[in-house]
Number of protein chains: 2
Amino acid sequence: MSSAMATVPKSELERRIRLVQGRMRERSPPLDALLVVQVADLYYLSGTIQQAHLLLPAEGEPRLLVRKVLERARSDSALDDVRPLASLKGLRDELESACGAAPWRLGMELDVLPVNLHRAYLDLLGAEAEVLDGSPLILAARAVKSPWEIEQIREAHRIHQRIFDEVPELLGGELTSYALQSILESRARLAGHCGVIRMRGLDVSTSIGIVVSGEEGALPSHSMFPIGGEGPHPSVAHGGSRRPLRDGLPIALDFLASTAGYHADCTRMAVKGELDAETAAIFEGIGRILRRLEGIVRAGAVPSRIYAAALEEAATEGLANGFMGPEKYQVRFVGHGVGLEVNEVPVLAPKFDEPLAAGNTLAVEPKFTHPRLGVIGLENTYLVRETGVENLTPYPEAVIRRR
Amino acid sequence: MSSAMATVPKSELERRIRLVQGRMRERSPPLDALLVVQVADLYYLSGTIQQAHLLLPAEGEPRLLVRKVLERARSDSALDDVRPLASLKGLRDELESACGAAPWRLGMELDVLPVNLHRAYLDLLGAEAEVLDGSPLILAARAVKSPWEIEQIREAHRIHQRIFDEVPELLGGELTSYALQSILESRARLAGHCGVIRMRGLDVSTSIGIVVSGEEGALPSHSMFPIGGEGPHPSVAHGGSRRPLRDGLPIALDFLASTAGYHADCTRMAVKGELDAETAAIFEGIGRILRRLEGIVRAGAVPSRIYAAALEEAATEGLANGFMGPEKYQVRFVGHGVGLEVNEVPVLAPKFDEPLAAGNTLAVEPKFTHPRLGVIGLENTYLVRETGVENLTPYPEAVIRRR
């Protein structure tokens, strides 16, 4: 069975494999092979998420060693060499046949691979395999998107168009923030979202969307996000709560969506009734900060300096205390890479000093937290070009109002 | 702000801490302390999911060392000693003050802790800290539920009642399996589901629910599940697809839900129109297998033998080829622990030879995959008692039909 949505074409896989192999050889010390097991990386380099190992030698063709459904892996993946791996004990032989005799310098995804699994691989591969962290070079390759990938991200943003269009009518009813969040999540799925949001790291996860309004929105994140929220219960502790949305308070809608594995990230504001002058003034300030950032993000610009500029601009607008989170709990970034995962590099944050490259896709999200009003912010996803940015988020930035 | 849903009472935390400390001391070699970082374990032992470390010495009181929101950690958690941890560099001092001078034998969750994080902890703690795998003893403690925990799991099953009650009406419309899945997921949230499903392990995740019907349901899982499905796209590759549900084909509804962090797991069948005689006969066979398993699950019964009995019973019913997954891709279990995570111990599977204990909560899920009809199965969550089981899943097992 095939799906109407795009699958990863062979030319894409070939481009990615060449890119990653180049980085393997340029690395110091160079890697003889990568053994890829994490789902987003596996999908990036093979086009399938079947339980498998992708064995990629620094020269030559990759082998997709499939543990689960071989037929499906062969139909999902455009790779030529898709073969079964009956037992993990076969890995050493595969490595030898792909890379020649031991010793080998092997890259694995040590930022996500659990310790016990890592030890099991070391036992299987033996002392002649030195296992190093291969994630940085995979992530660096993933950070520069092809035109095909950009089209997927553009498509994912069309889902936002469809769900935000439904907000005015939904605001007519009596709803809690969690209920609005839940309804919009479902509408996103019905509008094409594939149902999975991928974030990299232990216990780093988020829902498709977050809806917060007023005081509850001012509760800081338990994790790494600029928006926290009360959540429906302490076991979740983020996003919407079981409190009704109130007239006149700003409602922040921070939504993800994914099609063909690629994510869109977008934040818009809504209100039942009218915003007061204070909120409107903050919202205008946020808009000006976003315009300023749009003016400086381009290939060659340095992420840490863009972040510093965002802080400056926030100070100029009188929004320094509460910028990117409530006071004391401000997160130290103003944007992040978006692609097969939501927390990709580059990050617009201190210490990210490597210049942006054309093809980076960045969610830029100036947000201000006010103790009583909650979160007031905007977020668009941009394609970084040589001369500036292209906004991949088509939805108008104006506050969404009840019809 | 507080939530109406139950938070973890102090008496619960005290019971859990005593249980885990007992296992730390009985372990060979014994542990001096546990340093807990994973979200489900952290919530189990503290009642909060704020980014934190729980430092639990083998004797004495635990300290919750909070990295993120201290105020919220203090309001969510009934522990006495909830304090900030300004920098990870403070961990060594905390360990020394809780456990006395080095050396220390420390348990961490090595089944989930990524290699790079583990190395960072080893650097912080120094060579005098030996770090061993603490997960097995935490998971063994978590496997035996208290009356309070059982009440949470019971409550979570009430969500199924509410969503399955809506299925007859939904079946009246034209829907794809993915659309029905998406709508029921949203209804589950509106009915009390907290929006997060927790599974343990790298890339082990699932949606709230899976809806498959006919041929698409016969596609094997890319991962560890008895039900696979086509999914909306190869980047997701499980669950419902964008194909319309057809009259007369069995529709499998496998749904999770969580309240207060605790999960319910339940599978029911539905149909638009009438089931044919072949499907009805298979469904009756599945019902008899489930009755047989209900008759043998009790404290003292051995999981691997229960699994063997399930296979025997499936053979007797003529359902051996396709039991627990399509031929060639059958998963080797017939039930699993359910609690703060969906893939808990004990597992009704080969090699699980430790007898069941009163207080275990098990999802038992005989399922048969037919190449044309898809998945036909049932799943209830049971409380293991001394003399048998109590079914925590109140929903009738009859096939749900369009009104």
D (µm²/s, integer) via Stokes-Einstein for chain A, Kirkwood Rh across alpha-carbon pairs, 10 °C, 1.306 mPa s: value 71 µm²/s
Regarding the protein assembly as shown, what's the average projected area of the Cα-atom convex hull, expressed in nm²?
31.4 nm²
Between the range B:144-166 and the range A:289-336, how many Å separate their Cα centres?
45 Å
Give the separation of the Cα centroids, the range B:350-364 to the range A:205-222, in Å.
38 Å
On the principal axes of its Cα set, how long, how wide and how thick is the range B:73-142? Give whole Å, largest value first.
35, 29, 23
I want to check the label-to-label distance for A:N116 and B:K10. Put each point 7 Å from Cα in the C-beta direction and report it in nm to one decimal.
3.4 nm
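At a threshold of 8 angstrom on Cα-Cα distance, excluding pairs fewer than six apart, so keeping six or more, what relative contact order does chain A reach in percent? It would help to have the intermediate numbers written out before the result.
Details: 888 pairs, mean separation 60.6, N = 403.
Reported relative contact order: 15 percent.
Report the net charge of residues surrounding B:I163, where surrounding means a beta-carbon distance below 11 angstrom and charges are Lys +1, Arg +1, Asp -1, Glu -1. Intermediate values should be presented prior to the final figure.
Details: positive: B:R158, B:R162, B:R187, B:R189, B:R268; negative: B:D165, B:E166, B:E185.
Spelling it out: positives minus negatives among the neighbours equals +2.
Within 10 Å of each Cβ of B:202-212, how many other protein chain Cβ atoms are there on average?
Details: counts 9, 9, 1, 5, 1, 3, 1, 0, 0, 0, 0.
Shielding by partners across B:202-212 averages 3.
For A:P234, what is the net charge nearby, where nearby means another residue's Cβ is under 10 Å from its Cβ and Lys, Arg count +1, Asp, Glu -1?
On the way: positive: B:R72; negative: A:E230, B:D76.
Here the count lands on -1.
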Starting from a Cα-only point model with no solvent, please compute log10 I(q)/I(0) by Debye for the range B:317-373 at q = 0.17, 0.23, 0.27 1/Å.
-0.62, -0.92, -1.07
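Could you tell me which helices of chain B pass both thresholds, a Cα extent of 27 Å or more along their own axis and a mean Kyte-Doolittle hydropathy of at least -0.5, with helices taken as whole DSSP H runs? Walk me through the intermediate numbers first.
Numbers: long enough: B:277-296 (29 Å, 0.40).
The answer, listed by residue number, is B:277-296.
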If the label point sits 7 Å along Cα→Cβ of A:A299, residues of the range A:353-367 with amide N under 17 Å come out as A:354-362
Obtain the nm distance between the two label points defined at A:R402 and B:D247 by a simple spin-label model: each point lies 7 Å from its Cα along the Cα-to-C-beta direction.
4.3 nm
Around B:M199: net Lys/Arg minus Asp/Glu count, Cβ-Cβ under 10 Å
-1
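So, with +1 on the Cβ of K and R and -1 on the Cβ of D and E, and no other charges, what is the size of the charge dipole of the range B:1-153 about its Cα centre, to the nearest 20 debye?
Details: 19 positive and 22 negative charges, 43 e Å.
So the dipole magnitude of the range B:1-153 works out to roughly 200 debye.
What's the long-distance tail for the range A:199-267, i.e. % of Cα pairs beyond 13 Å?
Values: 1539 of 2346 pairs.
Result for the distance tail: 66 percent.
Pairs A:K89/B:K367; B:K328/B:K367; B:K145/B:K351: which exceed 20 Å Cα-Cα? Kindly include the intermediate steps, with their values, before the conclusion.
On the way: A:K89/B:K367 30 Å; B:K328/B:K367 15 Å; B:K145/B:K351 23 Å.
Listed pairs above 20 Å: A:K89/B:K367; B:K145/B:K351.
Per DSSP helix of 4 or more residues, -39500 (n - 2.57); summed, then divided by the residues of the protein assembly as shown. What does that give at 222 nm, rounded to the nearest 500?
Working: 22 runs with 261 residues, N = 806.
Calculated from helices alone, the mean residue ellipticity at 222 nm is -10000 deg cm²/dmol.
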Eigenvalues of the alpha-carbon gyration tensor of the range B:165-285, times 5 and square-rooted, give semi-axes in Å, largest first, of 23, 17, 14
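Roughly how crowded by other chains is peptide A:216-222, in terms of the mean Cβ count from those chains within 10 Å of each of its Cβ atoms?
Details: counts 1, 0, 0, 4, 5, 5, 13.
Going residue by residue through A:216-222 and averaging, the value is 4.
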Over all residues in A:234-246, what is the mean tally of Cβ atoms on other chains that come within 10 Å of each residue's Cβ?
6
Shortest first and in nm with one decimal, please list how far the B:L132 label point sits from its counterparts in the other copies (point 7 Å along Cα→Cβ).
3.4
Contour excess over end-to-end distance, with Cα ends at B:W148 and B:R291 and 0.36 nm allotted per residue:
48.8 nm
Here the correct list, in nm and shortest first, of distances from B:E278 to the same site in the other copies, label points 7 Å along Cα→Cβ, is 6.9
Could you check the spin-label model distance between A:M224 and A:E174? Points 7 Å from the Cα along Cα→Cβ, value in nm.
4.1 nm
Stokes-Einstein at 20 °C, 1.002 mPa s, Kirkwood radius from Cα pairs: D for the range A:1-126 in µm² s⁻¹?
143 µm²/s
Identity and axial distance of the chain B residue whose Cβ lies nearest the axis relating B to A, Å:
B:S186, 2
Can you check how the C-alpha radius of gyration of the range B:231-330 compares to 2.2 N^0.38 Å, as a plain ratio?
1.29
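Throughout, read-outs are computed from the coordinates displayed, never taken from laboratory work. Owing to the predicted nature of the structure, the values given are computational and were not obtained by experimental measurement. Cβ sites come from the backbone with ideal geometry, for glycine too, and all protein chains shown count toward neighbours.
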